[in-house]
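*Asks:* Below is one structure. I have some questions about it.
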Amino acid sequence: MIPELSSLSVCMRDPQRVEEIIKAMQKAGTSTIQVISDFDMTLTRFAYNGKRCPPSHNILNNSRLISEECKAQLKDLLNTYYPIEIDSKWTVEEKLPLMVDWWTKAHTGAAAHQERPAAGSLPAVFSNYMDFDETGVLKAFKGELIHIYNKREGALLNTGHFQELKSRHNVLLVGDSLGDLTMADGVHSIEDILKIGFLNDKVEERKTSYLNAYDIVLVKDETMEVPNALLLHLTSVLGHCPVEK
Ligand SMILES: Nc1ccn([C@@H]2O[C@H](COP(=O)(O)O)[C@@H](O)[C@H]2O)c(=O)n1
């Protein structure tokens with residue numbers, strides 16, 4: 001058994017199906033597995049000791065490189081658009097143009113208001129890329145805009161990367177929004193996929209849709225204990241251990 005799957009934060013619509021996927025992935029072996037993970041509120045925490053942690057864009061809010069005006073603007077944008085992002089009464093189609101507006105305004109604002117040179121960019125593999133001038137000042141964001149609902153396009157733009165991983169046809173996908181479910185769309189002939197979703201906010205309102213979409217839902221679980229335990233289990237050569245719930 002994987003003890004972490006008995007944790008109170010773990011919810012599964014179909015534990016037996018989860019067990020079957022895990023068995024099949026473990027049998028196929030470590031060399032067939034790839035992990036595809038979102039960054040904000042997935043690899044990073046949504047909250048710590050009850051206090052909301054900033055997503056990457058709002059890290060700028062704690063930076064001395066950005067003007068107070070820009071910080072206020074980023075905060076306003078978050079207060080305006082985040083409630084829409086997590087409102088289950090809106091459809092993805094209705095939210096999508098507003099999410100594009102949010103990301104675009106934040107990127108334009110950050111580039112227009114940077115006061116001093118910055119040392120680097122936000123860490124990510126497929127991400128929004130910043131373009132700095134020769135003195136290190138952010139000029140603009142470049143390349144295709146990646147936002148919460150176009151991860152599929154992001155994945156498909158990076159087919160070269162997935163080509164390199166073409167023998168890894170079993171996927172452990174980790175995300176925190178329903179938009180993250182399309183992150184594996186560029187993977188060649190997926191055999192099995194185990195989807196783990198962090199449900200951080202508006203839990204009661206969104207639980208059913210998360211349970212229908214993700215195999216394992218981690219409710220207000222601010223740790224990587226479950227994904228790490230699963231990965232360890234999937235890549236262990238010690239033989240199969242059944243999942244219990
Ligand atoms: N200007 C912005 C844009 C997005 N956010 C938040 O960041 C999160 C990023 O989510 P990913 O799934 O793409 O990692 C998103 O959920 C927004 O809440 C922001 O704060 N400011």
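Every number here is computed from the coordinates shown, using simple stated rules; none is lab data. Predicted, not measured: the structure shown is a model, and the values here were computed from it. No Cβ is skipped: glycine too gets one built from the backbone with ideal geometry, and neighbour counts run over all protein chains shown.
*Asks:* Report the FRET efficiency, 1/(1 + (r/R0)^6), for residue 190 and residue 62, where r is their Cβ-Cβ distance and R0 is 45 Å, rounded to 0.05.
*Replies:* Result of the calculation: an efficiency of 0.70.
*Asks:* Suppose the chain between residue 212 and residue 16 were pulled fully straight at 0.36 nm per residue; how much longer would it get relative to their current alpha carbon spacing?
*Replies:* Stretched fully, the residue 212-residue 16 segment lengthens by 69.1 nm.
*Asks:* GNM on the chain, C-alpha springs below 10 Å: top fluctuator among 197, 154, 109?
*Replies:* Ranking 197, 154, 109 by mean-square fluctuation puts 109 first.
*Asks:* Here's a follow-up. Can you pull the semi-axes for the chain, root of five times each eigenvalue of the Cα gyration tensor, sorted largest first, whole Å?
*Replies:* 34, 21, 16
*Asks:* Between residue 80 and residue 167, how many nm apart are label points set 7 Å from Cα along the C-beta direction?
*Replies:* 5.1
*Asks:* Same structure, new question: Per q in 0.14 1/Å, what log10 I(q)/I(0) does a Debye calculation on the alpha-carbon atoms of the stretch 50-142 return?
*Replies:* -0.55
*Asks:* Please build a GNM for the chain, connecting alpha carbons under 10 Å apart, and tell me which residue among 180, 87, 221 fluctuates the most.
*Replies:* 87
*Asks:* Taking 0.36 nm per residue of separation and subtracting the Cα-Cα distance, what length does fully extending residue 156 through residue 92 add?
*Replies:* Answer, rounded to one decimal: 21.1 nm.
*Asks:* What ranking of 105, 51 emerges when the number of other C-beta atoms within 10 Å of each C-beta is taken as an exposure proxy, fewest first?
*Replies:* In increasing order of surrounding Cβ atoms, one gets 51, 105.
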